[in-house]
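The values are calculated or read from the model by the stated rules, or taken from the named source; none is laboratory data. Keep in mind that what you see is a predicted model, and the values were worked out from it rather than measured. Note: ideal-geometry Cβ built from the backbone for every residue, glycine included; neighbour counts use all protein chains shown.
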Amino acid sequence: MRTTSAHSPVPKVGAAYKVFSARGLLCLLLIQGLLPFTAPHFDLRAQRKPAQQATAAPQLTLEAISRDAGKWAGTAPTQVRWTEDGAKLHFQWNPERADRSELYELDVRTPGAVPRKVADEEKRWLSSNPGNRNRVGTLKLYAYQGDLYFHDLRAAEVPFRITVGLTPVLLDQLADRDVTDRSIEYIDDQIRRAETDRVRFRAEGSAHRAELAEFYLGMYRALGEAYVSRFDRDIVGAFADLARTGHLEVLTSAATHGYLPLLDERTVHLQLATGRRTSRELLGIEPTGIWLPECAYRPGLEELLEAHGFTHFFTDANLLATAPTRRGRQRRSPRQREWSGAALAAIAEAERPPAPPPPGATDVFSPYLVADSDVVAVARHPEVSGQVWSAAFGYPGDPAYREFHRKDARSGLRYWRVTDLTADLGAKETVNGDARPNGCLAAVNAIKAAGVVATR
(Lines give C-alpha, C1' and ligand atoms only; values in the text may rest on other atoms or scores of the structure.)
Protein backbone atom coordinates (compact mmCIF):
# COMPACT_ATOMS: atom_id res chain seq x y z
CA MET A 1 0.00 0.00 0.00
CA ARG A 2 1.01 3.47 -0.62
CA THR A 3 1.18 6.11 2.03
CA THR A 4 1.52 9.59 0.74
CA SER A 5 1.60 12.97 2.37
CA ALA A 6 -1.10 15.11 0.98
CA HIS A 7 -0.58 18.03 3.34
CA SER A 8 1.87 20.70 2.30
CA PRO A 9 2.27 24.16 3.82
CA VAL A 10 -0.40 26.27 2.18
CA PRO A 11 1.16 29.23 0.37
CA LYS A 12 0.04 32.61 1.68
CA VAL A 13 -1.93 34.73 -0.74
CA GLY A 14 -0.91 38.35 -0.27
CA ALA A 15 -2.50 41.65 -1.08
CA ALA A 16 -0.97 41.69 -4.54
CA TYR A 17 -3.34 38.95 -5.71
CA LYS A 18 -5.96 40.01 -8.22
CA VAL A 19 -9.63 40.10 -7.25
CA PHE A 20 -11.47 37.68 -9.48
CA SER A 21 -14.63 38.64 -11.21
CA ALA A 22 -16.01 35.30 -9.98
CA ARG A 23 -16.54 36.34 -6.39
CA GLY A 24 -18.12 32.97 -5.72
CA LEU A 25 -14.71 31.32 -6.12
CA LEU A 26 -13.06 33.57 -3.56
CA CYS A 27 -15.91 33.17 -1.09
CA LEU A 28 -15.90 29.40 -1.36
CA LEU A 29 -12.15 29.18 -0.81
CA LEU A 30 -12.38 31.43 2.24
CA ILE A 31 -15.22 29.42 3.71
CA GLN A 32 -13.39 26.12 3.23
CA GLY A 33 -10.25 27.55 4.78
CA LEU A 34 -8.19 27.07 1.64
CA LEU A 35 -7.14 30.71 1.60
CA PRO A 36 -6.10 32.74 4.67
CA PHE A 37 -8.79 35.10 5.86
CA THR A 38 -6.58 38.18 5.43
CA ALA A 39 -7.97 39.59 2.24
CA PRO A 40 -6.88 43.16 1.42
CA HIS A 41 -9.36 45.99 1.69
CA PHE A 42 -10.96 46.91 -1.60
CA ASP A 43 -12.77 50.21 -2.12
CA LEU A 44 -15.55 49.23 -4.47
CA ARG A 45 -16.60 52.88 -4.80
CA ALA A 46 -13.32 53.63 -6.54
CA GLN A 47 -14.22 51.10 -9.25
CA ARG A 48 -17.54 52.71 -10.11
CA LYS A 49 -17.84 54.39 -13.47
CA PRO A 50 -18.86 58.06 -13.61
CA ALA A 51 -22.60 58.38 -13.91
CA GLN A 52 -23.82 59.13 -17.41
CA GLN A 53 -26.00 62.21 -17.20
CA ALA A 54 -27.48 61.82 -20.67
CA THR A 55 -29.29 58.56 -19.93
CA ALA A 56 -31.10 57.71 -16.73
CA ALA A 57 -30.09 54.38 -15.18
CA PRO A 58 -32.82 51.71 -15.42
CA GLN A 59 -34.61 50.99 -12.18
CA LEU A 60 -33.79 47.58 -10.69
CA THR A 61 -36.72 45.91 -8.93
CA LEU A 62 -37.26 42.56 -7.25
CA GLU A 63 -39.73 41.69 -9.96
CA ALA A 64 -37.07 42.26 -12.65
CA ILE A 65 -34.57 40.06 -10.80
CA SER A 66 -37.15 37.30 -10.34
CA ARG A 67 -38.06 37.31 -14.02
CA ASP A 68 -34.40 36.67 -15.05
CA ALA A 69 -32.74 35.01 -12.07
CA GLY A 70 -30.07 33.34 -14.21
CA LYS A 71 -28.82 36.74 -15.32
CA TRP A 72 -28.01 37.80 -11.77
CA ALA A 73 -26.89 34.53 -10.15
CA GLY A 74 -23.19 33.67 -10.36
CA THR A 75 -21.64 30.20 -10.66
CA ALA A 76 -19.67 28.87 -7.71
CA PRO A 77 -16.79 26.39 -8.18
CA THR A 78 -17.16 22.86 -6.85
CA GLN A 79 -14.86 19.94 -5.99
CA VAL A 80 -12.07 22.29 -4.94
CA ARG A 81 -8.83 20.47 -4.10
CA TRP A 82 -5.13 21.19 -3.74
CA THR A 83 -2.50 19.58 -5.93
CA GLU A 84 -0.02 17.33 -4.12
CA ASP A 85 2.64 20.05 -3.94
CA GLY A 86 0.24 22.67 -2.54
CA ALA A 87 1.02 25.01 -5.43
CA LYS A 88 -2.24 24.88 -7.38
CA LEU A 89 -5.97 24.53 -6.92
CA HIS A 90 -8.14 22.38 -9.17
CA PHE A 91 -11.91 22.82 -9.26
CA GLN A 92 -14.97 22.39 -11.44
CA TRP A 93 -16.39 25.70 -12.68
CA ASN A 94 -18.83 27.00 -15.26
CA PRO A 95 -18.34 30.79 -15.56
CA GLU A 96 -19.67 30.84 -19.16
CA ARG A 97 -22.88 29.07 -18.07
CA ALA A 98 -22.31 26.31 -20.59
CA ASP A 99 -24.11 22.98 -20.57
CA ARG A 100 -21.63 21.56 -18.05
CA SER A 101 -18.81 22.69 -15.80
CA GLU A 102 -15.14 22.29 -16.76
CA LEU A 103 -11.94 21.64 -14.87
CA TYR A 104 -10.05 24.83 -13.95
CA GLU A 105 -6.65 25.42 -12.39
CA LEU A 106 -5.35 28.29 -10.27
CA ASP A 107 -1.63 28.72 -9.57
CA VAL A 108 -1.55 30.34 -6.13
CA ARG A 109 2.21 30.96 -6.34
CA THR A 110 1.81 33.57 -9.07
CA PRO A 111 0.62 37.03 -7.98
CA GLY A 112 -2.32 38.17 -10.05
CA ALA A 113 -3.02 34.69 -11.37
CA VAL A 114 -6.46 33.97 -12.80
CA PRO A 115 -8.24 30.63 -13.14
CA ARG A 116 -7.24 28.74 -16.29
CA LYS A 117 -9.27 26.04 -18.01
CA VAL A 118 -7.36 22.75 -18.09
CA ALA A 119 -6.97 21.43 -21.63
CA ASP A 120 -8.24 17.96 -22.48
CA GLU A 121 -4.71 16.70 -23.15
CA GLU A 122 -3.56 17.87 -19.72
CA LYS A 123 -6.39 15.98 -18.04
CA ARG A 124 -4.73 12.75 -19.06
CA TRP A 125 -2.07 13.33 -16.42
CA LEU A 126 -4.49 14.06 -13.61
CA SER A 127 -5.33 11.14 -11.38
CA SER A 128 -8.93 10.01 -11.17
CA ASN A 129 -8.11 8.27 -7.88
CA PRO A 130 -7.25 10.90 -5.25
CA GLY A 131 -6.72 8.26 -2.58
CA ASN A 132 -8.01 8.29 0.99
CA ARG A 133 -6.98 10.98 3.45
CA ASN A 134 -6.66 10.48 7.17
CA ARG A 135 -8.89 12.50 9.51
CA VAL A 136 -6.45 15.37 9.98
CA GLY A 137 -5.60 15.53 6.29
CA THR A 138 -1.87 15.01 6.75
CA LEU A 139 -1.57 11.65 4.98
CA LYS A 140 -2.97 10.10 1.85
CA LEU A 141 -3.19 6.37 1.37
CA TYR A 142 -2.75 4.56 -1.95
CA ALA A 143 -3.03 0.84 -2.56
CA TYR A 144 -0.90 -0.31 -5.47
CA GLN A 145 0.81 -3.67 -5.23
CA GLY A 146 2.26 -2.92 -1.81
CA ASP A 147 4.69 -0.24 -3.04
CA LEU A 148 5.54 2.83 -0.98
CA TYR A 149 6.38 6.31 -2.23
CA PHE A 150 9.67 7.05 -0.49
CA HIS A 151 9.27 10.82 -0.81
CA ASP A 152 5.92 10.65 0.91
CA LEU A 153 7.38 8.74 3.84
CA ARG A 154 10.00 11.42 4.21
CA ALA A 155 7.42 14.21 3.99
CA ALA A 156 5.45 12.47 6.73
CA GLU A 157 8.67 12.42 8.82
CA VAL A 158 8.70 8.62 8.96
CA PRO A 159 12.24 7.55 9.91
CA PHE A 160 13.42 5.03 7.32
CA ARG A 161 16.53 3.90 5.52
CA ILE A 162 16.28 1.75 2.42
CA THR A 163 18.94 0.20 0.22
CA VAL A 164 18.26 -0.04 -3.52
CA GLY A 165 20.46 -1.18 -6.38
CA LEU A 166 20.64 1.05 -9.47
CA THR A 167 23.01 -0.37 -12.06
CA PRO A 168 25.01 2.02 -14.26
CA VAL A 169 23.13 0.78 -17.34
CA LEU A 170 19.75 1.47 -15.73
CA LEU A 171 20.85 4.95 -14.59
CA ASP A 172 22.02 5.79 -18.11
CA GLN A 173 18.68 4.65 -19.50
CA LEU A 174 16.62 6.61 -16.98
CA ALA A 175 18.65 9.76 -17.69
CA ASP A 176 18.46 9.42 -21.48
CA ARG A 177 16.27 12.06 -23.19
CA ASP A 178 14.92 9.59 -25.75
CA VAL A 179 13.85 7.19 -23.00
CA THR A 180 12.17 10.07 -21.17
CA ASP A 181 10.20 11.09 -24.25
CA ARG A 182 9.21 7.51 -24.99
CA SER A 183 8.09 7.03 -21.38
CA ILE A 184 5.61 9.86 -21.86
CA GLU A 185 4.41 8.29 -25.10
CA TYR A 186 4.04 4.92 -23.40
CA ILE A 187 2.01 6.24 -20.46
CA ASP A 188 -0.20 8.24 -22.80
CA ASP A 189 -0.74 5.16 -24.94
CA GLN A 190 -1.70 3.06 -21.90
CA ILE A 191 -4.23 5.71 -20.88
CA ARG A 192 -5.82 5.60 -24.32
CA ARG A 193 -5.96 1.80 -24.23
CA ALA A 194 -7.64 1.82 -20.83
CA GLU A 195 -10.16 4.41 -22.01
CA THR A 196 -10.95 2.29 -25.09
CA ASP A 197 -11.33 -0.85 -22.97
CA ARG A 198 -13.66 0.90 -20.56
CA VAL A 199 -15.98 1.94 -23.40
CA ARG A 200 -15.80 -1.52 -25.01
CA PHE A 201 -16.53 -3.42 -21.80
CA ARG A 202 -19.47 -1.17 -20.95
CA ALA A 203 -20.91 -1.74 -24.42
CA GLU A 204 -20.49 -5.49 -23.93
CA GLY A 205 -22.27 -5.31 -20.55
CA SER A 206 -19.14 -6.38 -18.62
CA ALA A 207 -19.35 -3.97 -15.69
CA HIS A 208 -16.61 -5.68 -13.70
CA ARG A 209 -14.02 -5.50 -16.48
CA ALA A 210 -15.06 -1.91 -17.10
CA GLU A 211 -14.17 -1.22 -13.45
CA LEU A 212 -10.81 -2.90 -13.96
CA ALA A 213 -10.19 -0.72 -17.02
CA GLU A 214 -11.10 2.28 -14.84
CA PHE A 215 -8.46 1.11 -12.35
CA TYR A 216 -5.81 1.07 -15.10
CA LEU A 217 -6.95 4.48 -16.27
CA GLY A 218 -6.55 5.98 -12.81
CA MET A 219 -3.25 4.22 -12.21
CA TYR A 220 -1.59 5.43 -15.40
CA ARG A 221 -2.94 8.94 -14.94
CA ALA A 222 -1.47 8.99 -11.43
CA LEU A 223 1.87 7.68 -12.69
CA GLY A 224 1.92 10.21 -15.51
CA GLU A 225 1.07 13.06 -13.17
CA ALA A 226 3.81 12.04 -10.74
CA TYR A 227 6.35 11.57 -13.51
CA VAL A 228 5.68 14.90 -15.21
CA SER A 229 4.59 17.20 -12.38
CA ARG A 230 6.13 15.83 -9.24
CA PHE A 231 9.46 14.49 -10.46
CA ASP A 232 9.81 16.73 -13.51
CA ARG A 233 10.65 13.65 -15.62
CA ASP A 234 13.83 13.19 -13.57
CA ILE A 235 13.67 9.81 -11.83
CA VAL A 236 17.44 9.76 -11.31
CA GLY A 237 17.23 13.14 -9.57
CA ALA A 238 14.47 11.82 -7.29
CA PHE A 239 16.66 8.92 -6.16
CA ALA A 240 19.62 11.28 -5.70
CA ASP A 241 17.50 13.60 -3.55
CA LEU A 242 16.60 10.75 -1.20
CA ALA A 243 20.22 9.61 -1.08
CA ARG A 244 21.40 13.10 -0.12
CA THR A 245 19.03 13.22 2.85
CA GLY A 246 20.23 9.81 4.08
CA HIS A 247 16.94 7.99 3.48
CA LEU A 248 18.29 5.88 0.65
CA GLU A 249 21.54 4.03 0.03
CA VAL A 250 22.16 3.44 -3.66
CA LEU A 251 24.20 0.41 -4.62
CA THR A 252 26.08 0.54 -7.90
CA SER A 253 27.32 -2.39 -9.96
CA ALA A 254 29.82 -3.23 -12.68
CA ALA A 255 29.62 -1.01 -15.74
CA THR A 256 28.10 -3.52 -18.17
CA HIS A 257 27.04 -6.26 -15.74
CA GLY A 258 30.21 -8.18 -16.52
CA TYR A 259 30.58 -11.56 -14.81
CA LEU A 260 33.60 -10.55 -12.72
CA PRO A 261 35.02 -14.00 -11.72
CA LEU A 262 35.62 -14.80 -15.42
CA LEU A 263 37.23 -11.46 -16.33
CA ASP A 264 40.93 -10.64 -16.13
CA GLU A 265 42.07 -8.19 -13.47
CA ARG A 266 42.47 -5.22 -15.85
CA THR A 267 38.91 -5.65 -17.14
CA VAL A 268 37.54 -5.94 -13.60
CA HIS A 269 39.24 -2.65 -12.73
CA LEU A 270 37.61 -0.99 -15.75
CA GLN A 271 34.20 -2.46 -14.89
CA LEU A 272 34.37 -1.19 -11.30
CA ALA A 273 35.84 2.21 -12.11
CA THR A 274 33.38 2.94 -14.91
CA GLY A 275 30.39 1.73 -12.93
CA ARG A 276 31.24 3.86 -9.91
CA ARG A 277 31.98 6.91 -12.06
CA THR A 278 28.63 6.60 -13.85
CA SER A 279 26.77 6.52 -10.53
CA ARG A 280 28.77 9.47 -9.24
CA GLU A 281 28.17 11.60 -12.33
CA LEU A 282 24.43 10.91 -12.60
CA LEU A 283 23.53 10.82 -8.89
CA GLY A 284 26.07 13.24 -7.49
CA ILE A 285 27.00 10.79 -4.72
CA GLU A 286 29.93 8.44 -4.16
CA PRO A 287 28.56 4.89 -3.82
CA THR A 288 30.40 2.67 -1.35
CA GLY A 289 28.25 -0.46 -1.80
CA ILE A 290 27.96 -2.70 -4.85
CA TRP A 291 25.65 -5.49 -5.95
CA LEU A 292 27.95 -7.93 -7.69
CA PRO A 293 26.63 -8.95 -11.13
CA GLU A 294 24.79 -12.27 -10.67
CA CYS A 295 26.08 -12.12 -7.05
CA ALA A 296 29.25 -13.75 -8.40
CA TYR A 297 32.41 -13.66 -6.25
CA ARG A 298 35.87 -15.16 -6.43
CA PRO A 299 38.69 -15.04 -3.83
CA GLY A 300 40.73 -11.87 -4.18
CA LEU A 301 37.87 -9.79 -5.60
CA GLU A 302 37.57 -8.03 -2.24
CA GLU A 303 41.01 -6.49 -2.79
CA LEU A 304 39.94 -4.96 -6.11
CA LEU A 305 36.72 -3.67 -4.54
CA GLU A 306 38.65 -2.06 -1.69
CA ALA A 307 41.05 -0.43 -4.16
CA HIS A 308 38.05 1.34 -5.76
CA GLY A 309 36.63 2.60 -2.47
CA PHE A 310 33.94 -0.03 -1.90
CA THR A 311 33.22 -1.01 1.70
CA HIS A 312 30.58 -3.73 1.17
CA PHE A 313 29.08 -5.96 -1.48
CA PHE A 314 26.05 -8.21 -1.84
CA THR A 315 26.43 -11.82 -2.87
CA ASP A 316 24.56 -15.13 -2.80
CA ALA A 317 23.80 -16.90 0.47
CA ASN A 318 25.44 -20.13 -0.70
CA LEU A 319 28.81 -18.37 -0.67
CA LEU A 320 28.59 -17.69 3.07
CA ALA A 321 26.77 -20.87 3.98
CA THR A 322 29.80 -22.98 3.00
CA ALA A 323 32.59 -20.53 3.88
CA PRO A 324 34.73 -21.09 6.99
CA THR A 325 34.22 -18.36 9.57
CA ARG A 326 36.09 -17.24 12.64
CA ARG A 327 35.53 -14.63 15.29
CA GLY A 328 36.36 -11.52 13.34
CA ARG A 329 37.93 -8.23 14.19
CA GLN A 330 35.71 -5.17 14.53
CA ARG A 331 35.69 -3.09 11.36
CA ARG A 332 36.33 0.56 12.23
CA SER A 333 35.99 3.76 10.28
CA PRO A 334 39.15 5.81 9.54
CA ARG A 335 38.19 8.14 12.40
CA GLN A 336 37.84 5.28 14.86
CA ARG A 337 41.24 3.94 13.84
CA GLU A 338 42.76 7.11 15.28
CA TRP A 339 41.28 6.46 18.71
CA SER A 340 43.30 4.67 21.34
CA GLY A 341 43.41 3.74 24.99
CA ALA A 342 40.37 3.33 27.20
CA ALA A 343 37.95 4.90 24.69
CA LEU A 344 38.88 2.40 22.01
CA ALA A 345 38.70 -0.49 24.46
CA ALA A 346 35.22 0.57 25.61
CA ILE A 347 33.97 0.85 22.03
CA ALA A 348 35.47 -2.52 21.10
CA GLU A 349 33.73 -4.16 24.05
CA ALA A 350 30.38 -2.47 23.35
CA GLU A 351 30.46 -3.41 19.69
CA ARG A 352 31.92 -6.87 20.12
CA PRO A 353 30.39 -9.12 17.43
CA PRO A 354 28.42 -12.16 18.58
CA ALA A 355 30.04 -15.55 18.72
CA PRO A 356 30.04 -17.29 15.34
CA PRO A 357 27.40 -19.96 14.76
CA PRO A 358 28.45 -23.62 14.71
CA PRO A 359 29.86 -25.02 11.44
CA GLY A 360 27.25 -25.41 8.74
CA ALA A 361 24.95 -22.82 10.36
CA THR A 362 26.35 -19.54 9.06
CA ASP A 363 24.09 -16.62 9.93
CA VAL A 364 23.38 -15.12 6.52
CA PHE A 365 21.71 -12.12 8.16
CA SER A 366 25.09 -11.02 9.55
CA PRO A 367 27.76 -9.16 7.57
CA TYR A 368 31.20 -10.74 7.34
CA LEU A 369 34.61 -9.20 6.75
CA VAL A 370 36.28 -10.89 3.79
CA ALA A 371 39.79 -12.29 4.33
CA ASP A 372 42.18 -9.57 5.51
CA SER A 373 40.35 -6.67 3.84
CA ASP A 374 38.01 -4.09 5.32
CA VAL A 375 35.33 -5.08 2.80
CA VAL A 376 32.15 -6.63 4.15
CA ALA A 377 30.09 -9.33 2.41
CA VAL A 378 26.30 -9.25 2.83
CA ALA A 379 24.27 -12.26 1.74
CA ARG A 380 20.93 -12.34 -0.01
CA HIS A 381 18.77 -14.55 2.19
CA PRO A 382 17.12 -17.23 -0.01
CA GLU A 383 13.91 -17.54 2.02
CA VAL A 384 13.36 -13.81 2.39
CA SER A 385 14.17 -13.00 -1.24
CA GLY A 386 11.98 -15.90 -2.28
CA GLN A 387 8.99 -14.12 -0.77
CA VAL A 388 9.18 -11.53 -3.54
CA TRP A 389 10.82 -13.56 -6.32
CA SER A 390 9.53 -17.09 -6.20
CA ALA A 391 6.21 -18.07 -7.76
CA ALA A 392 6.53 -21.46 -6.05
CA PHE A 393 6.52 -20.31 -2.41
CA GLY A 394 6.51 -16.50 -2.62
CA TYR A 395 3.53 -14.21 -2.84
CA PRO A 396 3.90 -13.56 -6.64
CA GLY A 397 2.33 -17.00 -6.99
CA ASP A 398 -0.73 -16.08 -4.92
CA PRO A 399 -3.87 -17.11 -6.87
CA ALA A 400 -5.41 -13.63 -6.41
CA TYR A 401 -2.52 -11.77 -8.05
CA ARG A 402 -2.76 -10.61 -11.64
CA GLU A 403 -1.47 -13.02 -14.25
CA PHE A 404 1.51 -11.42 -15.99
CA HIS A 405 1.50 -13.56 -19.15
CA ARG A 406 -2.13 -13.28 -20.24
CA LYS A 407 -3.11 -10.01 -21.91
CA ASP A 408 -6.21 -8.64 -23.57
CA ALA A 409 -6.03 -9.33 -27.31
CA ARG A 410 -6.89 -5.73 -28.25
CA SER A 411 -5.35 -3.50 -25.59
CA GLY A 412 -2.63 -5.69 -24.09
CA LEU A 413 -3.83 -4.86 -20.54
CA ARG A 414 -4.07 -7.65 -17.96
CA TYR A 415 -7.49 -8.55 -16.54
CA TRP A 416 -6.80 -12.08 -15.30
CA ARG A 417 -5.34 -13.50 -12.09
CA VAL A 418 -2.84 -16.29 -11.40
CA THR A 419 -5.70 -18.64 -10.40
CA ASP A 420 -3.48 -21.74 -10.32
CA LEU A 421 0.22 -22.08 -11.12
CA THR A 422 -0.47 -25.23 -13.11
CA ALA A 423 -3.42 -23.80 -15.07
CA ASP A 424 -3.12 -23.05 -18.76
CA LEU A 425 -3.40 -19.38 -19.75
CA GLY A 426 -6.83 -20.04 -21.22
CA ALA A 427 -8.04 -21.29 -17.83
CA LYS A 428 -7.05 -18.16 -15.94
CA GLU A 429 -9.95 -16.40 -14.22
CA THR A 430 -10.76 -12.70 -14.20
CA VAL A 431 -9.43 -10.65 -11.29
CA ASN A 432 -12.12 -10.61 -8.59
CA GLY A 433 -13.37 -8.12 -6.09
CA ASP A 434 -12.19 -4.56 -5.95
CA ALA A 435 -11.41 -2.78 -9.19
CA ARG A 436 -7.98 -2.05 -7.67
CA PRO A 437 -6.60 -5.60 -7.48
CA ASN A 438 -3.90 -6.77 -5.09
CA GLY A 439 -3.79 -3.60 -2.98
CA CYS A 440 -4.79 -4.95 0.44
CA LEU A 441 -3.44 -8.41 -0.35
CA ALA A 442 -0.04 -6.93 -1.19
CA ALA A 443 0.02 -5.17 2.16
CA VAL A 444 -0.76 -8.43 3.97
CA ASN A 445 1.99 -10.25 2.06
CA ALA A 446 4.45 -7.43 2.70
CA ILE A 447 3.78 -7.74 6.44
CA LYS A 448 4.23 -11.51 6.13
CA ALA A 449 7.59 -11.03 4.40
CA ALA A 450 8.66 -8.61 7.14
CA GLY A 451 7.68 -11.26 9.66
CA VAL A 452 9.94 -13.75 7.93
CA VAL A 453 12.83 -11.32 8.34
CA ALA A 454 12.00 -10.68 12.00
CA THR A 455 11.89 -14.37 12.92
CA ARG A 456 15.04 -15.45 11.10
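Of all residues in region 284-295 being modelled with pLDDT of 95 or more and of a type in the set (A, V, I, L, M, F, W, C), which is surrounded by the fewest Cβ atoms within 10 Å (Cβ to Cβ)?
Trp291
Could you list, in sequence order, the residues of region 203-214 that are surrounded by 15 or more Cβ atoms within 10 Å (Cβ to Cβ) and assigned to a helix (DSSP H, G or I)?
From region 203-214, those surrounded by 15 or more Cβ atoms within 10 Å (Cβ to Cβ) are 206, 209-214; that's our starting set.
Once the filter is applied, which keeps residues that are surrounded by 15 or more Cβ atoms within 10 Å (Cβ to Cβ) and assigned to a helix (DSSP H, G or I), region 203-214 yields Arg209, Ala210, Glu211, Leu212, Ala213, Glu214.
If we keep just the residues of region 215-243 that are in a helix (DSSP H, G or I) and acidic (Asp, Glu), which is modelled with the highest pLDDT?
Asp241
Inside region 244-281, can you point out the residues that are assigned to a helix (DSSP H, G or I) and buried (at least 20 other Cβ atoms within 10 Å of the Cβ)?
Once the filter is applied, which keeps residues that are assigned to a helix (DSSP H, G or I) and buried (at least 20 other Cβ atoms within 10 Å of the Cβ), region 244-281 yields Leu260, Val268, Gln271, Leu272, Gly275, Arg276, Thr278, Ser279.
Can we say Ser411 is in contact with a Lys or Arg (Cβ under 8 Å, 6 or more places away or on another chain) and either under 30 Å from Tyr297 (Cα atoms) or not in a strand (DSSP E or B) (or both)?
yes
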